[in-house]
Amino acid sequence: MNGHHSAIPHFDSPNASKRALCFHSPRLSGLVSSRLLPCFLASLLAFVAIPSVPAADAPDLSELFRTGKYEACVGAATEAIKSSQYNESYRVLKLRAELELGRYADAAVTFEEALKSIPRSIEIRWWGRDVCRYTNQLPRVAQLDEQIGSLVQQSPGYYSDAPNRIIVGRFLLSEGLDPKRILDGAYNIIKRQQPNYVPAYLASGELALDKQDYALAAESYEKAAKLDPKEPEAQFGLALAYAPSDAPKADAALKAVLARNPNHSGALLLTVDSLVDSERYADAETVLDHLAETNPHQPRAAAYRAIIAHLQNEPDLERTHRDAGLKFWTTNPEVDHLIGKKLSQKYRFAEGAEHQRAALLLDPKFLPAKMQLAQDLLRLGREVEGWKLAEEVNKADGYNVVAHNLVTLQESVNQFRTLEGDGIVARMDAREAEIYGHRVLDLLKRAKQKLCAKYDVELKSPIIVEMFPKQEDFAIRTFGLPGGAGFLGVCFGTVITANSPASQGGSPTCWESTLWHEFCHVVTLQKTHNRMPRWLSEGISVYEERQADPTWGQTVNPLFRKMLLGDELTPVDQLSGAFLRPASAQHLQFAYFESSLVVEFLIEKHGIDVLKKILEDLGNGITINESLDRHTGSLEELNAAFIEFARAHAEAMAPAADWTVPELPTRADPSQLSAWLTQHPKNYAALQRLARQLVAAKKWEAAKDTLKQMLSLYPGDEGGDSLYPLLARVAKELKDPAAERAAWEGLSKLSDDNLEMITRMTELTSQAGEWELTRKYVERWLAINPLQPVPHRLAATAAEKLKDDALAVDSYRALLLLDPIDAAELHLQMAKTLQRMGDLAEAKRHALLAVEEAPRFRAAHRQLLEIIAAVGQASPDSPPPPPLPTEIEP
């Protein structure tokens with residue numbers, strides 16, 4: 001069975017060190033030109049870092065800030081400044097607290113007063129940049145950048161203490177200097193000289209996160225948290241660093257931040273982000289309301305409210321919230337960028353792209369929006385502009401790993417072979433396209449015909465399907481970053497990306513079921529204009545897999561049975577959240593299965609027409625909960641009815657079996673198991689353990705009896721190392737070919753990717769001369785791995801026996817592409833088959849190739865003469881063929 005699942009990929013930048021000394025940014029401005037930057041940094045680093053010595057009572061103010069008591073921090077700082085007006089820390093904390101409170105006008109006054117009192121401060125200027133942005137003094141931001149650069153160039157020694165070095169590092173990063181030079185030339189020097197200085201580790205983590213090096217970020221933030229367990233920024237950094245790879249650690253870090261600072265805007269917004277992903281919009285609004293109590297003007301909070309309004313089809317409210325996000329900083333590109341990014345994460349790429357364009361109108365140099373727009377366009381199939389934008393980002397920021405990866409990938413994609421038919425554009429590795437590309441195209445055509453008719457969908461634009469022979473390339477095309485090893489394929493609406501069989505190594509799956517699953521996404525996403533919840537989209541695709549082939553998709557198994565009957569069921573309206581942070585890989589697979597079971601329940605109880613009406617509602621902007629309420633009754637009633645349906649479904653699986661966990665020692669031997677089974681004869685787990693031990697001990701008759709008992713209890717057991725493979729092995733050892741074949745046939749009705757079963761069935765059927773069945777099993781083999789020669793040879797044999805010339809040609813052609821040792825013989829067989837089909841020109845070409853491979857191959861020469869003669873009969877004016885050479889090997 002296939003598992004179509006997703007996870008946020010983890011990435012460590014592989015090329016940063018290699019390109020560390022060759023990057024110069026075109027974004028440098030003012031006095032710090034690209035020509036002067038190396039000297040600028042060198043002059044600063046010539047000084048030994050001077051340890052910072054904060055004022056004696058500064059930690060008290062810092063504690064107020066770190067615990068989110070911003071109002072108290074402003075008041076205390078105001079009083080402290082009266083008695084120490086030249087204390088930089090007091091003024092910075094007051095300014096930052098006012099920014100956190102959304103009091104931008106007050107922060108502007110604080111900034112001006114601070115600058116008058118401490119005119120040489122670069123830290124005040126650094127924070128003053130945000131003040132100027134939120135008071136719409138954008139020209140002043142550029143002036144402050146110039147002043148920071150000028151001050152440090154004029155007096156580098158004055159700014160060589162640790163706090164100022166960090167400010168300079170952040171400034172240089174904002175100007176586009178090489179991140180590795182900042183890390184090695186500033187932050188790491190501070191850490192060597194002051195190994196317990198927490199801000200240096202925070203700055204290193206911030207740099208790593210910005211460049212998506214999550215491993216380095218986690219390492220830096222872990223060190224900061226160890227040095228200062230009460231530092232909320234260390235825990236917040238850990239939450240961000242672990243989010244792509246370790247959900248439990250990320251959650252723990254996020255809880256730690258909010259325990260320390262319940263008003264931490266970053267942590268609250270990260271919580272909102274997760275709730276929006278889970279479609280828990282009411283809960284997200286509650287968190288946003290809490291955040292508004294501290295800062296009613298937080299622009300990212302307004303963006304999230306706009307996102308929720310968009311997803312709930314409230315366009316007027318969406319515009320109101322977007323305008324609120326831009327009220328104080330009218331050209332802030334982050335508002336539209338965030339709105340668009342979240343919409344794209346909801347697979348609404350067209351709407352997301354429009355917001356990225358809006359962000360770029362406000363700030364054409366805002367690279368995150370340009371990068372996101374590039375990815376959106378590539379996912380929409382608008383590739384010329386998408387690749388162009390990725391190249392522009394890569395040129396502007398050589399350390400943007402997504403842009404670098406995409407630009408590098410483009411070179412490989414350009415080498416792909418394109419196959420087209422019936423509105424489908426399939427792109428594959430050229431060799432793979434020659435071997436089985438026609439199978440891919442035929443499968444997609446069938447899926448289009450069947451699914452479009454079923455769901456009343458007309459596809460108006462071409463569907464692009466890209467299959468990647470390298471998993472890393474698939475991940476980069478899909479996510480922008482390597483990772484995502486659990487994915488088999490992804491659909492964006494009109495673009496599908498998938499792993500080809502070449503990428504799957506020793507655990508191949510059925511690529512046909514994967515493409516069917518993904519094409520079903522095409523149909524439902526097109527019908528809903530990409531406006532459907534994750535659970536419904538995945539549920540329909542898994543359901544339709546089962547409808548297309550009983551061995552495809554997911555079905556109930558002992559683990560799913562236990563979860564259905566336990567407390568693992570997720571309410572229907574919360575199912576999308578089950579895909580985001582599952583407790584385990586099994587829980588993720590269960591989310592797919594449960595979603596498909598909901599779809600099955602809806603169709604069985606209400607009919608396919610109701611499901612189509614729900615999809616139409618979604619396409620018209622009606623929310624899923626409202627649509628379900630319209631067509632299936634209240635959500636409470638739906639959840640209750642589904643739970644009853646799901647549990648009945650679970651109970652129907654092997655109802656006679658005892659599914660309790662046996663109370664037996666872990667190493668119980670056969671005698672102990674047998675004794676226990678006399679009292680619990682239908683306990684499947686104990687029977688399974690006993691059967692395996694008996695097989696291991698080569699007690700074939702006893703194993704056979706146990707396995708037959710298992711078969712009577714649970715004939716649906718498709719485990720790869722369980723019932724049917726053990727039955728087949730025991731039968732083979734007992735010299736019972738009929739029983740062995742029956743065992744493999746039983747498994748063939750349940751599994752689509754058990755190669756041991758398929759291989760053995762091709763052997764048994766070919767030995768029995770049952771060539772139709774041989775062809776059937778060979779086709780199933782090729783649906784898993786068409787890049788092996790063995791199934792093609794078996795297919796060729798079956799084709800010759802069945803006089804299926806088309807299959808024979810297909811098989812010989814594939815074998816010739818798989819580096820055969822008998823190329824001459826294959827060319828000869830191809831020539832014979834093509835001659836029978838009347839394609840004399842191609843037949844002649846292959847006969848000549850056979851002679852070229854083996855010049856003394858007598859049969860090839862004879863076939864060539866026969867073909868030439870046939871050509872002559874077709875063209876009476878042709879000259880007679882030359883005589884057969886006399887010295888030719890038989």
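Things to note:
- Look at where the Cα atoms of the stretch 474-494 and of the stretch 509-532 average out, and the two centres are 14 Å apart.
- Note on residue 158 and residue 866: their simple-model spin labels are 9.7 nm apart, each label 7 Å out from Cα toward Cβ.
- Loop chymotrypsin sites (Phe, Trp or Tyr not before Pro), the stretch 509-599 (other Cβ atoms within 10 Å of the site Cβ: 16 or fewer; DSSP): none
- DSSP-assigned coil residues among GluC sites (Glu not before Pro) in the stretch 385-460, each with at most 10 further Cβ atoms within 10 Å: 458
- FRET E, pair residue 420, residue 135, Förster distance 56 Å, beta-carbon r, rounded to 0.05: 0.50
- Averaging the sequence gap over all C-alpha pairs within less than 8 Å and six or more residues apart, then dividing by the number of residues, gives the chain a relative contact order of 9 percent.
- Of all lysines in the structure, those lying under 26 Å Cα to Cα from residue 832, and not within fewer than 8 positions of it along the same chain, are 776, 801, 803, 844.
- Those trypsin sites (Lys or Arg not before Pro) in the stretch 107-149 that DSSP places in a loop and that have at most 15 other beta carbons within 10 Å: 120
- Relative to its Kirkwood radius, the Cα radius of gyration of the stretch 652-744 gives an Rg/Rh of 0.96.
- Gyration tensor (alpha-carbon) shape descriptor, the stretch 297-364, a/c threshold 1.5: oblate
- Virtual spin-label span in nm between residue 559 and residue 249, 7 Å along Cα→Cβ: 2.3 nm
- The stretch between residue 215 and residue 620 holds 141.5 nm of extra length on full extension. This uses 0.36 nm per residue minus the Cα-Cα distance.
- Rounded FRET efficiency, nearest 0.05, which uses the C-beta distance separating residue 109 from residue 790 and R0 of 60 Å: 0.15
- Label separation (residue 734 vs residue 853): 4.6 nm, computed from points 7 Å beyond Cα along the C-beta direction.
- Carbon plus sulfur fraction of accessible area for the chain, probe 1.4 Å, in percent: 53 percent
- Straight Cα distances below 16 angstrom link residue 698 to the lysines 732, 735, with same-chain residues fewer than 8 positions distant left out.
- Highest to lowest packing among 726-735, 790-799, scored as the average C-beta count within 10 Å: 790-799, 726-735
- 21 Å Cα cut-off, lysine pairs counted over the stretch 413-561 (separation 8 or more, or different chains): 9
- Size of charge dipole - the stretch 216-360 - debye, nearest 20, with Cβ of Lys, Arg +1 and Asp, Glu -1, no other charges: 200 debye
- Taking a straight Cα-Cα cut-off under 28 Å and skipping sequence neighbours fewer than 8 places away in the same chain, the lysines within cross-link reach of residue 69 are 82, 94, 116, 223, 226, 230, 249, 255, 327.
- Among the listed values [x] 50, 32, 29; [y] 48, 34, 26; [z] 60, 36, 27, the one matching semi-axes √(5λ) of the Cα gyration tensor in Å as calculated from this structure is [z].
- Estimated from helices alone, the mean residue ellipticity of the chain at 222 nm is -20500 deg cm²/dmol (sum of -39500 (n - 2.57) over DSSP H runs with n ≥ 4, per residue).
- At R0 = 25 Å, FRET efficiency that the Cβ-Cβ distance of residue 449 and residue 609 yields, to 0.05: 0.80
- Debye log10 I(q)/I(0) at q = 0.11, 0.12, 0.16, 0.21 Å⁻¹ for the stretch 485-619, Cα point scatterers: -0.40, -0.47, -0.86, -1.46
- For the pair the stretch 757-806 and the stretch 815-878, the centres of their Cα atoms are 24 angstrom apart.
- Secondary structure note: in the chain, about 40% of the DSSP beta bridges are antiparallel.
The values are calculated or read from the model by the stated rules, or taken from the named source; none is laboratory data. No experiment lies behind these values; they were computed from the predicted model shown. With ideal geometry, Cβ positions are generated from the backbone for all residues, glycine too; neighbour counts draw on all protein chains shown. Ligands, DNA and RNA are stripped out before the accessible areas are found, and what is left, the full protein with its side chains, is counted by its heavy atoms. Shrake-Rupley method; radii C 1.70, N 1.55, O 1.52, S 1.80 Å.
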